[in-house]
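Written below as structure tokens is the structure these notes are about.
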Amino acid sequence: MTTVRLLGIDPGSRMTGYGIVDMDGPRSRHVASGCIQTGGDRPLPERLKIIFEGLSAVIQSWRPVEAAVEQVFMHRNPDSALKLGQARGAALCAVALAGLPVSEYAPRAIKQAVVGGGAADKSQVQRMVALLLSLPEPPQADAADALAVAICHGHTRQTMHRFGSAAVLAGRRR
């Protein structure tokens, strides 16, 4: 298996995290991560434009070949869920315009893949991401969540590749 560059995105209407990792088999290496801050006092359309343009610049700079985005989870506040969904839409548009294949993962699945438990809190995700990527200190929470999305996708992708190869081999044995 060759090295594959993946983009993970943790969408938010005030702050969208991104994380770029190179996956080489089961090993993952940190390439870049950060946050696109939209300024919560700006009108929503302007914040969505900032998310779209920021992620477009990240994609252009780092050239990932696949992307993964965290799915929306239901908030208690319907207005917050709607804004989060719109931020996801801006992120998905940036990825789609770049022509990248995109996968989506539920928050619990991401935590399960990275921490080992679907109910992990943010600090646990931060610490585990730092450990998995050999970072000197845990990244900012939104960047850590985005890196966790990328790691989850990398592991899922590798497993699917193995199953695909196993299925092809099993078909040949008949």
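Coordinate-derived values only; no laboratory data. Since we're looking at a predicted model, the values are computed, not measured. Backbone-built Cβ (ideal geometry, glycine too); neighbour counts: all protein chains shown.
Quick look at the values:
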{"item": "Given charges at beta-carbon only (K, R positive; D, E negative), |dipole| of region 4-173 in Debye", "result": "500 debye"}
{"item": "Hypothetical label at VAL102: residues of region 2-39 whose amide nitrogen lies under 15 Å (7 Å Cα-Cβ projection)", "result": "7-13, 16-19"}
{"item": "0 to 90° range, to nearest 10: angle between helix 78-97 axis and the chain longest Cα axis", "result": "60 degrees"}
{"item": "Förster-model FRET efficiency, 35 Å R0, MET160 and ARG42, C-beta, rounded to 0.05", "result": "0.35"}
{"item": "Inter-probe distance in nm under a simple model that places probes 7 Å from Cα toward Cβ, at THR3 and ALA119", "result": "4.0 nm"}
{"item": "Principal axis dimensions, largest first and in whole angstrom, of region 1-49 by Cα", "result": "45, 14, 11"}
{"item": "Evaluated at q = 0.12, 0.15, 0.16 Å⁻¹: base-10 log I(q)/I(0), Debye formula over Cα of the chain", "result": "-0.53, -0.80, -0.90"}
{"item": "Backbone N under 12 Å from the SER61 label point (7 Å along Cα→Cβ), restricted to region 7-25", "result": "18-20"}
{"item": "Among beta bridges that DSSP assigns inside the chain, antiparallel share in %, nearest 5", "result": "70 percent"}
{"item": "Rg over Rh [alpha-carbon atoms, Kirkwood Rh] for region 84-150", "result": "1.02"}
